[in-house]
1. Before we move on, is D168 within 18 Å of P42 (Cβ to Cβ), open to solvent by less than 70 Å² (accessible area, probe 1.4 Å) and of a type in the set (D, E)?
2. So G98 passes all but one of these: (1) surrounded by fewer than 16 Cβ atoms within 10 Å (Cβ to Cβ); (2) assigned to a loop (DSSP other than H, G, I, E, B); (3) not charged (D, E, K, R). Which condition number does it fail?
3. I need every pair where a residue in region 156-173 that is part of a helix (DSSP H, G or I) has its Cβ under 7 Å from the Cβ of a residue that is of a type in the set (S, T, N, Q) and at pLDDT 95 or above, sequence separation at least 6 or different chains.
4. So if I check each of P196, P174, P117, P192, which one is open to solvent by 30 Å² or more (accessible area, probe 1.4 Å) and either among the hydrophobic types (A, V, I, L, M, F, W, C) or closer than 20 Å to V43 by Cβ (or both)?
5. Any residue at all in region 104-112 that is under 11 Å from the mean Cα position of the chain (by Cα), open to solvent by 50 Å² or more (accessible area, probe 1.4 Å), under 19 Å from T165 (Cα atoms) and not acidic (D, E)?
6. Residues of region 134-148 being in a loop (DSSP other than H, G, I, E, B) and open to solvent by 40 Å² or more (accessible area, probe 1.4 Å), which ones?
7. Six or more apart or on different chains, Cβ under 7 Å: which pairs go from a residue in region 57-70 that's on the phi < 0 side of the Ramachandran plot to one that's assigned to a loop (DSSP other than H, G, I, E, B) and open to solvent by 60 Å² or more (accessible area, probe 1.4 Å)? Could you list them?
Amino acid sequence: MRCVRGVRATWGLLLGLTLTVLATAARADDPPPTAPPRADAPVPVIGRTWPVGLRPSVLRGWDPPATPYGRGHRGVDLAAPPGTPVRAVAAGRVSFAGRVAGKGVVAIELTGTGDPPLRTTYEPVHASVKKGDEVEPGEPVGTVEPTGSHCAVTCVHWGLLRDATYLDPLSLLPPWLLHRGPSRLLPVLGVPLPPP
């Protein structure tokens, strides 16, 4: 008899929980919830400048790992001598400025890039900004540190993430900034030739 009461009590509890869940569930006429952007969603081309220099040498490109902990290169290495100013490539808010494993790191959440937002990282950088600072494209966020680089020469490791997924930071830059072609002379019309 005691076993039957226990089963009835359990079923009663389960039925009560089910009815509570059903009563609070969304109705059919409620709008569907909006899904956050997927980590593999296209990256918006919002970059307005390179992080260092005018057109730095890319020493090592982005090479995504096959698995979350696999081998690969989760960013881009840009040649830059020590003391070179490091700039924000797009507008955003500094989410971190400090040291990680002995290296200076600056991270910036980019404005208007969804939830979770895109985040750029720069290292090794001696930060001139602090957490919470708002930055504009091209605004200096620090300088390249003389040590802490994983390159054969001094470089800045530039990364891009959405949540915990690494993306190619070069995808932030527009084609005209990535691939500058040779200069072209345009015809000059309506100007007389100089005398011989």
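The values are calculated or read from the model by the stated rules, or taken from the named source; none is laboratory data. All values reported here derive from a predicted model rather than from experimental measurement. Cβ: placed from backbone, ideal geometry, glycine included. Neighbour counts: every protein chain shown. For accessibility, only protein heavy atoms count, side chains too; no ligands or nucleic acids. Shrake-Rupley method; radii C 1.70, N 1.55, O 1.52, S 1.80 Å.
1. Values: within 18 Å of P42 (Cβ to Cβ): yes; open to solvent by less than 70 Å² (accessible area, probe 1.4 Å): yes; of a type in the set (D, E): yes.
Judged against the criteria, D168 is a match.
2. With respect to (1) surrounded by fewer than 16 Cβ atoms within 10 Å (Cβ to Cβ); (2) assigned to a loop (DSSP other than H, G, I, E, B); (3) not charged (D, E, K, R), G98 is out only on (2).
3. Filtered contacts from region 156-173: P169/T120.
4. Working: P196 fails: either among the hydrophobic types (A, V, I, L, M, F, W, C) or closer than 20 Å to V43 by Cβ (or both); P174 fails: open to solvent by 30 Å² or more (accessible area, probe 1.4 Å); P192 fails: either among the hydrophobic types (A, V, I, L, M, F, W, C) or closer than 20 Å to V43 by Cβ (or both).
Only one candidate passes the filter, namely P117.
5. Let us first name the residues in region 104-112 that are under 11 Å from the mean Cα position of the chain (by Cα), namely 107-111.
With open to solvent by 50 Å² or more (accessible area, probe 1.4 Å) added as a condition, the list becomes 109, 111.
Adding the requirement that they be under 19 Å from T165 (Cα atoms) leaves 109, 111.
Imposing the further condition that a residue be not acidic (D, E) reduces the set to 111.
Yes.
6. Let us first name the residues in region 134-148 that are in a loop (DSSP other than H, G, I, E, B), namely 136-139, 145-148.
Residues satisfying the conditions are E136, P137, E139, P146, T147.
7. That search, which allows pairs on different chains as well, returns P65/R71.
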